[in-house]
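The values are calculated or read from the model by the stated rules, or taken from the named source; none is laboratory data. Small disclaimer: the values here were computed from a predicted structure and weren't measured. Cβ placement follows ideal geometry from the backbone for every residue including glycine, while neighbour counts extend to all protein chains displayed. Heads up: the accessible areas ignore ligands, DNA and RNA and are worked out on the full protein's heavy atoms, side chains in. Shrake-Rupley method; radii C 1.70, N 1.55, O 1.52, S 1.80 Å.
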Amino acid sequence: MSSRRSRISDDEINDLISKLQALLPESRRRTTSRASAAKLLKETCGYIKSLHREVDDLSEQLGGLMATMEADSPQAEIIRSILRS
């Protein structure tokens, strides 16, 4: 690994911040500056954590639903085919 780090320009950082901001639903209407980059990163972490919780909740619900179905039922097969895709 090289001991020299490639330098990212301010324009590149601002571009990356803008792209990240566009991915966050609650941040799309705000403007960004270098000073708010830390806040944007904090919001991004919070958003990712909320997505993880949502996936966990949905997985739990799906597990509960699958437990109430017969393994060879058409509904169970539909769910399995969706999960495979």
Margin query: Could you give each residue of the range 9-18 its phi-based ³J(HN,Hα) in whole Hz, using Karplus coefficients 6.51, -1.76, 1.60 with θ = phi - 60°, and x for Gly or Pro?
Written below: 6, 4, 5, 5, 4, 4, 5, 5, 4, 4
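Can you give the FRET efficiency to the nearest 0.05 for Leu23 and Asp72, using r as the Cβ-Cβ distance and R₀ = 41 Å? Please list the in-between numbers first.
Details: r = 41 Å, r/R0 = 1.00.
The computed FRET efficiency comes out at 0.50.
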Next item on the list: Mark the label point 7 Å from the Cα of Arg5 along Cα→Cβ and return the residues of the range 35-73 whose backbone N is within less than 18 Å of it.
Entry: 35, 37-38, 41
Next item on the list: Round to the nearest 10 and report in Å² the accessible area of Leu23, as given by a 1.4 Å probe over the protein chains' heavy atoms.
Entry: 120
